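Structure, as structure tokens:
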Amino acid sequence: MSLSFAHSIAMQSRARALLPLCVGAGTYLFFLFVGDTLLQDSDSFWQIRIGQWILDHGALPYTDFYSFTRPGESWISTSWLSQVLFAFSYPQWGWAGPVILTATGMALTAAVFVYLLDAQIEAPRAVLFAMLALLLSIHHVLARPHILALPVMVAWVGLLMAAADRRSAPSWTWLPLIALWANLHGGFVLGLALIGPISLEAVEHAEKGKRLKLFIRWVLFGVGALIAACCTPYGWRTLMGATNILSLGELLSLIFEWMPANFATFTGFEGALLGLIALGYYRGLVLSAPRIFLILFLTWSALTHVRNIEAFAFLVPLVLAKPLGEMFPRPLADTAGADRWPARYVTALGALMIVAASWTSTSLYMGHHRFTFTMTQTPVAAVDLLEKLRVQRIFNAYQFGGYLISRDIPVYVDGRAELYGEKFVMDFFKATEGKKPELLPRLLDQYKIDATLLVADAPGPQILDQLKGWKRIYADDIAVIHVRDNADGAALPSK
């Protein structure tokens, strides 16, 4: 081997070592600069509020104390650790804190993703897959707990697939990952569910005499993962809390992130599916039965609920990594030169420079940009008026619940749909969306509502305009307020 060729290999090895960090830094800066788009879901308000309550009381909630329709009802927070992190960052930097946390979560996700793929496929293809995954996931990148759990999900599944590719059992040292995931977000149940099919991939390709022993080791690992997932302040109740959302039936089709995928217009997800099919036909991609099942399961999950598209985007490439690596083999390289201490120091210095540049960019950007929450989720003027009128029970729009909680106002309903149940929230939507307008006066009387705070362009305010005993006292582009005719306080003219 010539000296020039050896030097080239060493340089490539150092570049590969820095590649995940470079991709992560680029991802971080991108989401930092579009940070206002991460503040579009009012659930962020109550997530931060619950995290602050945990910090203030040194305890976790077991009942609801934010609504007047479900006070004292059993409820646990399956994302308590993420909520604490968001709550800790918010008083320090305002909305910049949750934005930085979210951007960091996406950066770690992209870095781990590229690192895992780079072990099987060439770096340019790994970066391309990362860009496509980020593009598919961008609709659900919000300042909420699922983003902080995303890098853990990628690392967990990537390590399991790596073990299956080696035809071995996972290391017990990986179990803290599922425990961390269970404390960050309820989506950890996906990580538990994928252990089974991934284990079949390992067992199927193992030597015949070793299959039973390997299968038993995977089963024991699965049991260990189940136990580790219960290593939260709530114990085994974490499993129940994480699956309650799936029992909401028809309601899931009305909540945007739980809606099924819609192909009425062309989307990135539709393009990804077509591209996956084209790749299989064009290159003759041959997969084992467990890998086919994994891809079909992830595709079905994404088709059923759009919030699962990011799992499809990041996990399907991990499932395909080894077959694609075999289809597109890269030249073997001697990386011994990269293991020498000068090379390691150069790599470490490069990593420090990337981190320093990212933090400097953050400081400079925050110096002249103030992150703000989207106005459509924050009816500030309307809530100010309601506080002046001192109304006790507000019949609020679903998307206004988080903001009301942030103002210490008891809510009728908010984003914790699993707390209220399918019938309660379905009745609310049917009443306010005009599907069953006769429900509206019954709900207003049943819960002794003093005022309503509904979305300006929804049917609900128009129904109330015609409802005897109610009058409109305020309206703007965001919200409309109605009060009972006998409500205290002077009526204000509509804007």
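The values are calculated or read from the model by the stated rules, or taken from the named source; none is laboratory data. Everything numeric here is computed off the predicted structure, so don't read it as measured data. For neighbour counting, all protein chains shown are included, and Cβ atoms are generated from backbone atoms with ideal geometry for every residue, glycine included.
Taken together, the criteria exclude W181 from residues that are part of a helix (DSSP H, G or I), modelled with pLDDT of 95 or more, assigned by TED's automatic domain parsing to the domain that holds F221 and over 22 Å from G51 (Cβ atoms). Annotation note: of L246, L254, the sole residue that is loosely packed, with under 15 Cβ neighbours inside 10 Å, within 26 Å of the chain's Cα centre (by Cα) and under 23 Å from H185 (Cβ atoms) is L246. Does Q399 satisfy the criteria of being among the polar types (S, T, N, Q) and outside any helix (DSSP H, G or I)? Judged against the criteria, Q399 is not a match. When you check A242 against the structure, is it farther than 30 Å from G58 by Cβ, at pLDDT below 95, of a type in the set (A, V, I, L, M) and not assigned by TED's automatic domain parsing to the domain that holds A431, yes or no? In short, no. Could you look through segment 320-355, keep only residues that are closer than 29 Å to L279 by Cβ and assigned to a helix (DSSP H, G or I), and pick out the one that is modelled with the lowest pLDDT? Ranking the candidates gives M327 first. For segment 356-391, how many residues are assigned to a helix (DSSP H, G or I) and not hydrophobic (A, V, I, L, M, F, W, C)? The total comes to 13. For beta carbons closer than 6 Å, sequence separation of 6+ or different chains, a first residue in segment 368-390 that is among the β-branched types (V, I, T) and a second that is part of a helix (DSSP H, G or I), the qualifying pairs are T378/Y403.
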